[in-house]
1. Mind checking which aspartates and glutamates have their C-alpha under 13 Å from Lys65, skipping anything on the same chain fewer than 8 residues away?
2. Share of the chain's accessible area from carbon and sulfur, percent, 1.4 Å?
3. Subtract the Cα-Cα distance of Ser85 and Ser25 from 0.36 nm times their separation in residues, and report this length gain in nm to one decimal.
4. Mind ordering 37-50, 4-17 by average Cβ neighbours within 10 Å, highest first?
5. Within 10 Å, count the other beta carbons around each residue, average over each peptide in 69-75, 80-86, and list them highest first.
6. Report the normalised scattering of the chain as log10 I(q)/I(0) at q = 0.18 Å⁻¹, calculated by the Debye formula with identical scatterers on the alpha carbons.
7. Of Gln39, Leu18, Gly116, which is farthest on the positive side of the dipole of the chain, counting Cα position, with +1 on Lys and Arg Cβ, -1 on Asp and Glu Cβ, and the Cα centre as origin?
8. Run down the aspartates and glutamates and flag those whose C-alpha is under 15 Å from the C-alpha of Lys87, throwing out any fewer than 8 positions away in its chain.
Amino acid sequence: QVQLVESGGGSVQAGGSLRLSCAASGRTFSSYTMGWFRQAPGKEREFVAYITWGGARTYVADSVKGRFTISRDNAKNTASLQMNSLKPEDTAVYYCAAKRSGWGSLAYEYDYWGQGTQVTVSS
């Protein structure tokens, strides 16, 4: 069992930056692929980025490529999402998620989810 808690959300003006963190409980954190997803009001949950257990493989969605970076620190049981050059369309609730095996960008493949943190970008 893994419990995930996101932090770092907030309100920022377009062009600004935020860093989201996901703190995980459990001794098996380093064996999970970690992903970030987001959901804007009235829209489906959208993949943002993932990083595999050792950090060797990362992938970010085209919509955030070049602006968002995913990372992890297995010694601290944390995963992070650095978001730069934020745009109003990045406004959403951001969720971190853990996947027991393999990697991927489909939400239904992830086994554990955090409660989400709100990110609001104003123009």
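1. Correct list for Lys65: Asp90.
2. 47
3. Working: separation 60, 0.36 × 60 = 21.60 nm, distance 3.07 nm.
Contour length minus the Cα-Cα distance gives 18.5 nm.
4. Sorting 37-50, 4-17 by mean packing, highest first, produces 37-50, 4-17.
5. 80-86, 69-75
6. -0.85
7. Projecting each Cα onto the dipole axis, the largest value belongs to Leu18.
8. Asp62
The values are calculated or read from the model by the stated rules, or taken from the named source; none is laboratory data. Quick caveat, the model's predicted, so the values are computed rather than measured. Glycine also receives a Cβ, built like all others from the backbone with ideal geometry; neighbour counts cover every protein chain displayed. Please note that ligands, DNA and RNA were not included when accessible areas were found on the heavy atoms of the full protein model with its side chains. Shrake-Rupley method; radii C 1.70, N 1.55, O 1.52, S 1.80 Å.
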